[in-house]
Amino acid sequence: MKGYNGKKARYIDKSTLVYECGNNINFMKEDGESTVFTSPGEGVAALDVHPLNKVFAFAELCIKPRVFVFKYPELTPVSELKG
C-alpha cells in the first residue's frame with residue numbers, strides 16, 4: 001500500500017481498508033480502487049472507524065487537537081469536536 005506507515009489499518013466496510021498517511025487518510029478497496037481524503041486540520045494523529053455506522057474519526061497532530069468525524073463513502077463532515 002502506497003504511503004502506508006505501519007500504523008493499524010482498519011476496514012470501514014467489507015471491502016475497503018482505511019489507513020493514515022501523513023496529512024491524508026487513504027481508502028483502498030480490494031479491487032485496487034483508492035481514494036485519498038486530505039485532513040481539513042493540521043495532519044492526522046489518530047484515526048478510528050465505526051464500520052456499522054460507516055463513519056471515521058481522526059484527531060489533528062497538534063497541541064490542542066480538534067477531532068473530526070466524517071461519513072463514508074460521501075466524505076461529508078458529521079461533527080467537529082473542539083476544546
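The values are calculated or read from the model by the stated rules, or taken from the named source; none is laboratory data. Being a predicted model, the structure only gives us computed values, none of them experimental. These accessible areas exclude ligands, DNA and RNA; they are computed on the full protein's heavy atoms, side chains included. Shrake-Rupley method; radii C 1.70, N 1.55, O 1.52, S 1.80 Å.
For the chain, relative contact order (Cα pairs under 8 Å, six or more residues apart, normalised by length) works out to 18 percent.
Close Lys pairs in region 20-83 (alpha-carbon distance under 21 Å; sequence gap of 8 or more, or different chains): 5.
For the options Asp48, Asp13, Asp31, a Gaussian network treatment of the chain with springs between C-alpha atoms closer than 10 Å singles out Asp31 as fluctuating the most.
Accessible surface ranking for Leu61, Leu81, Leu47, Leu17, 1.4 angstrom probe, highest first: Leu61, Leu81, Leu17, Leu47. Sorted largest first by accessible area at a 1.4 angstrom probe radius, with every protein chain in place, the residues Thr35, Thr16 fall in the order Thr35, Thr16. Potential lengthening of the chain between Lys82 and Arg66 amounts to 5.3 nm, from the contour at 0.36 nm per residue minus the alpha-carbon distance.
The Cα-based radius of gyration of the chain, divided by its Kirkwood radius, gives an Rg/Rh of 0.94. Springs between Cα atoms under 10 Å define the GNM used for the chain, and in it the highest mean-square fluctuation of Lys14, Lys54, Lys29 occurs at Lys14. The residues of the chain present an accessible area of 62 Å² per residue when probed at 1.4 Å with all protein chains retained. Comparing Gly43, Gly32, Gly22 in a Gaussian network model of the chain, where Cα atoms under 10 Å apart are tied by springs, the biggest mean-square fluctuation is seen for Gly32.
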